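What follows is one structure encoded as structure tokens, with my remarks underneath.
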Amino acid sequence: MSESSIIFPDGFLWGCGSSSYQIEGAYDLDGKGESIWDRFSKTPGKTYNGETGNSACNHYHRYAEDIDLMVELGLKVYRFSISWSRVFPQGKGSLNAKGIDFYDKLIDKLLAKNIQPFATLYHWDLPQALQENGGWENRDTIKYFQDYTGEISRQFGDRIAGWVTQSEPAVASFLGHYQGIHAPGVKNLKAALQVSHHLLLSHGFAVARLRENIKNNAEIGISLNLTPSHPASNSKKDREAAERNFAHFCGWFLEPIFNKRYPEELETTYQNTGLFPMIEPDDLKIIAADIDFLGVNYYMRDIVRNAPYKSIWGLETIKPPSADYTAMGWEIYPDGLHEILEFVNDCYHPKKIYITENGAAFRDNMSENGEVHDPRRVSYLRSHFAQAHRAIQKGIPLAGYFVRSLLDGFEWVEGYTKRFGIIYVDYPTQKRILKDSAHWYKKVIEHNGLTD
Ligand code: BGC
């Protein structure tokens, strides 16, 4: 299909995304409490060069200027996350009015500029005070998350257009509690599985709480990072390993949300090894709450080989040297976006799908005349947009696309070394520079499709 015919449906929501700890900075200002990422990033050896989100993009003070940039791009929607410890410094108890004030101003300014706000309730920055009591391993945290959701939706439930309850619970569970490379840095599979169950359950409860409080026709969903798994060879063992890989990272979340159960094979493995989480009778019913959309976060695929002694799942992922990779070492594989959209649509029939995250880090440099040329990002986005369009042509209900990310920011363990933004941030001066990809994206939005 020639690019001039790649036009998206009217009303398609073009957007960008961010998250609180990655861009806000102001980590201890105006009454904000400590989060597990504040604590983790300050723990020696945890992030690249010991970098933290202390200042990040200082979006807390520069949000108005950042919204002006969104206007310049023509964004229809903007996805941000709320920092729980900014509004409840201890995770529960007394509310920090100044925290509410910040999001209040952000939302009002977005609306004044005709940009629809999509709010994520949790993007990994649990209040540290709750971690002291076991964090997401402790079922009580779900109750506090409900209270927090209740307060946020009472405050903003007349203005937010879309709610994402949890962002990538797989990452928070497995990277945070099994591999230990994300906050809170726990390394225990049983804990990780319990956390994943609690995150899912918190999603179900949050949906109910949001439905009680919202006063507009906002949509509610959850964002999952979905990674197609391909076998490294055609052997039966590798094919099965690829299926196991998909089940443990993706099926483990999709199945309870849409089918009220955990994947059978994994349930058996975990029951047999004593790792299966503690579940109460109604939990699966609560998790399978009716949602308005599924948020798909897509970055890459996994190529998987059977490796009996490598992990409890008996597999490992490999990186063929012939493939093309981003600065994260993630394979550039646009077809996978179409594949995963088709898969979730065929198997789970979500009412609507948003790509809540897709984008790439490359080694961007500012040129002498102060421009940032990022042809690889333009080509990355172009090829992924084309796959999204292909999915829409097939009738898949994809309604919007949030490019990750608006600004370069704090990339978790990678610190500031990895730049995902379509807007370059010169951290010492906090100057923002639209990269070529931002100028290109602006044209895509104007044209509602690919132009050149
Ligand atoms: C996270 C984002 C992050 C991106 C790239 C995703 O898994 O949700 O916060 O920016 O990965 O590292």
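The values are calculated or read from the model by the stated rules, or taken from the named source; none is laboratory data. Since this is a predicted model, take the numbers as computed values, not measurements. Every residue, glycine as well, gets a Cβ built from its backbone with ideal geometry; the counts of neighbours run over all protein chains shown. Accessible surface areas use protein heavy atoms only, side chains included; no ligands, DNA or RNA. Shrake-Rupley method; radii C 1.70, N 1.55, O 1.52, S 1.80 Å.
Just check the chain against the gyration tensor rule for me: Cα atoms, a ≥ b ≥ c as the square roots of the eigenvalues, rounded for a/c under 1.5, and otherwise prolate or oblate depending on whether a/b exceeds b/c.
In terms of gyration-tensor shape, rounded.
Say the cut-off is 28 Å between C-alpha atoms; which of LYS143/LYS285; LYS190/LYS215; LYS109/LYS431 go over it?
LYS190/LYS215
Under a point spin-label approximation (7 Å from Cα along Cα-to-Cβ), what is the LYS237-LYS310 distance to one decimal in nm?
Spacing of the two 7 Å Cα→Cβ label points: 1.2 nm.
Please give every one of the lysines within straight-line cross-link reach of LYS319, meaning a C-alpha to C-alpha distance under 27 Å, and leave out same-chain neighbours fewer than 8 residues apart.
By straight Cα distance, LYS319 reaches LYS46, LYS187, LYS236, LYS237, LYS310, LYS418.
Of CYS250, PRO308, TRP330, which is farthest towards the positive pole of the chain's charge dipole, taken about the Cα centre with +1 and -1 on the beta-carbons of Lys, Arg and Asp, Glu respectively?
PRO308
In whole Hz and in residue order, list the ³J(HN,Hα) couplings for region 170-177 that follow from phi through the Karplus curve 6.51 cos²θ - 1.76 cosθ + 1.60, θ = phi - 60°; x for Gly and Pro.
5, 6, 4, 6, 7, 6, x, 10
Using the Kyte-Doolittle scale, find the helices of the chain whose mean hydropathy is at least 0.0 and whose Cα atoms extend 18 Å or more along the helix's long axis, counting only whole DSSP H runs.
For the chain, where a helix must reach 18 Å along its axis and average at least 0.0, the hits are 97-112, 189-213.
Which value, in Å², gives the accessible area per residue of the chain when a 1.4 Å probe is used on the protein heavy atoms? Numbers along the way, then the final one.
Numbers: 17210 Å² over 452 residues.
Per residue, the chain has an accessible area of 38 Å².
For region 164-300, what is one quarter of the convex hull surface built on the Cα atoms, given in nm²?
Its average projected convex-hull area is 9.3 nm².
Excluding same-chain residues fewer than 8 positions from LYS394, which lysines have a Cα within less than 16 Å of its Cα?
Correct list for LYS394: LYS351, LYS352.
Can you sort MET366, MET278, MET300 by solvent-accessible area, 1.4 Å probe, largest first?
Values: MET366 80, MET278 145, MET300 45 Å².
From most accessible down to least: MET278, MET366, MET300.
Give me the aspartates and glutamates in straight-line cross-link reach of LYS113: C-alpha distance below 18 Å, same-chain residues under 8 apart excluded.
Cross-link targets: GLU65, ASP66, ASP68, GLU72, ASP104, ASP158, GLU446.
Where the centroid of each part is defined by its Cα atoms, how far is region 396-432 from region 259-287 in Å?
36
To check you understand DSSP bridge types, tell me what percent of the beta bridges within the chain (both residues inside) are antiparallel, rounded to 5.
Values: 13 of 52 bridges.
Just about 25 percent of them are antiparallel.
Which of the three applies to region 1-107, rounded, prolate or oblate, going by the alpha-carbon gyration tensor with a ≥ b ≥ c and a/c under 1.5 meaning rounded?
Judged from the Cα gyration tensor, region 1-107 comes out prolate (a/c at least 1.5, a/b above b/c).
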